[in-house]
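Here is the structure we will look at.
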Amino acid sequence: MTESVALDTVDLHILRLLQNDARTTYRELAAEVGVAPSTCLDRVARLRRTGVILGHQLRLDPARLGRGLEALLSVQVRPHRRELIGPFVERIRSLPESRALFHLTGPDDYLVHVAVADTADLQRLVLDEFTSRREVARVETRLIFQQWECGPLLPPVPGVTVPAPGQVRPAD
């Protein structure tokens, strides 16, 4: 298990701001959190070096790329053996329709988030890339009607609950 990294309130503030907009400049970050730009640069570099910040990603609109239908595929692999899992994972990750792949516990072994053009494209993907594989015992498809991004990921603080956006924290 990976060890946690000690973070103070300035680190947490920097992480919150960068998760909301990774293009924020060091000067803007420094002004917002109340430290010198050089200090901010050093802190972000430490957060990268310690593996807290893994990278920056560009988010795209799948519909504008001709992939307006998204789905979650629950997949059972049988037998669930290492020599079958590796090639299965590699193949699914290589598919242009695959957005995310999760290895699970429970009755389903994998959850695959896919983006396709339409239902015919989804049917083609399921039949040609999933159920045609010998190790795939079952695929269950769920269409995604809508999805939301959630707040920034921060470490747990024992005894502290954060109100949802729009909620008011009760007075102490």
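Across segment 110-124, the number of residues qualifying as among the small types (Gly, Ala, Ser) and either modelled with pLDDT under 95 or open to solvent by less than 60 Å² (accessible area, probe 1.4 Å) (or both) comes to 2. All told, LEU127 falls short of being open to solvent by 50 Å² or more (accessible area, probe 1.4 Å) and under 30 Å from TYR26 (Cβ atoms). Of all residue pairs spaced 6 or more apart or on separate chains, none has beta-carbon atoms under 6 Å together with a first member in segment 34-50 that is in contact (Cβ under 8 Å) with a residue 40 or more places away in the chain and over 19 Å from GLU3 (Cβ atoms) and a second member that is open to solvent by 60 Å² or more (accessible area, probe 1.4 Å) and in a helix (DSSP H, G or I).
The values are calculated or read from the model by the stated rules, or taken from the named source; none is laboratory data. Not measured: the values here are computed from a predicted model. Cβ atoms come from the backbone with ideal geometry, glycine included; neighbour counts cover every protein chain shown. We work out accessible area using only protein heavy atoms, side chains counted, and drop any ligands, DNA or RNA first. Shrake-Rupley method; radii C 1.70, N 1.55, O 1.52, S 1.80 Å.
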